[in-house]
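Have a look at the structure below, then the notes.
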Amino acid sequence: LRVVGRRGRRTPELQRAIRDLGLTERVELLDAVDTAQLDHLMDRSLALISSSWMEGFDYPVLEAMAQGIPCLISDIPVHRELYRDAALLFDLQDSGEDLAESLEDLMRDQLLWSELSTLGIDKAYEFSLERQQQAILDVIDEFSSRG
């Protein structure tokens, strides 16, 4: 397991838990990675897990989807709104059981993995820069034509 993100106030607690559970050889905490490292990590990943309590757009989810990496994401409003049809959502309030079950399903079911990979690629296309630019131009054209 690789956890990527800047360290925060709960990092020492996470480090202690990793140590206490004897997982130091299996869990890696990475502050930040460059694009080449990120691509390498994504190529070797089963899934991206986003366990956020609060998010804006959550670009890492979209980046993973664009590379065909299935996503397991917390069941929060922004994730439901943007990604529910292309990812597995899990409850943050249940001590990890829902996440563990979703991860086991993904590991056991190759068809589920492939389906989420394809749905994620399609979702990423919906948010491509070209489509976003065209949507902005369409709005500008609409207001311009109202004169």
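The values are calculated or read from the model by the stated rules, or taken from the named source; none is laboratory data. What you are looking at is a predicted structure, and each value in this text was computed from that prediction instead of being measured. Reconstructed Cβ throughout: ideal geometry from the backbone, glycine too, with neighbour counts over all protein chains shown. Please note that ligands, DNA and RNA were not included when accessible areas were found on the heavy atoms of the full protein model with its side chains. Shrake-Rupley method; radii C 1.70, N 1.55, O 1.52, S 1.80 Å.
Among [x] 50, 32, 27; [y] 66, 36, 33; [z] 66, 42, 31, only one was calculated for this model; which label is it, if the read-out is Cα extents along the principal axes in Å?
Comparing each candidate, only [y] matches the computed number.
For region 47-109, what is the accessible area per residue in Å² when the probe is 1.4 Å?
54 Å²
Using R₀ = 35 Å, calculate the FRET efficiency as 1/(1 + (r/R₀)^6) where r is the Cβ-Cβ separation of SER144 and GLU81; round to 0.05.
It comes out at approximately 0.75.
What distance in nm lies between label points placed 7 Å from Cα along the C-beta direction at LEU46 and GLU63?
If labels sit at LEU46 and GLU63, their model points lie 2.2 nm apart.
What is the Cα convex hull volume of region 1-84 when expressed per residue in Å³?
Details: hull volume 9.1 nm³, N = 84.
Expressed per residue, the convex hull around the Cα atoms of region 1-84 is 108 Å³.
Which helices count as membrane-span-like in the chain under these terms: full DSSP H, at least 18 Å along the axis by C-alpha, Kyte-Doolittle mean of -1.0 or more? Write out the running numbers ahead of the final one.
Numbers: long enough: 110-126 (24 Å, -0.08); 129-145 (24 Å, -0.31).
Within the chain the helices that satisfy the rule are 110-126, 129-145.
If amide H atoms are built 1.01 Å from N in the plane of the peptide, which residues on other chains or at least 5 residues away come under 5 Å of the amide H of LEU89?
Residues meeting the criterion, in which the H sits 1.01 Å from N, are ILE73.
Let's test the formula: R0 of 25 Å, r as the Cβ-Cβ distance of ALA135 and MET54. What FRET efficiency results, to the nearest 0.05? It would help to have the intermediate numbers written out before the result.
Details: r = 26 Å, r/R0 = 1.02.
E between ALA135 and MET54, to the nearest 0.05, is 0.45.
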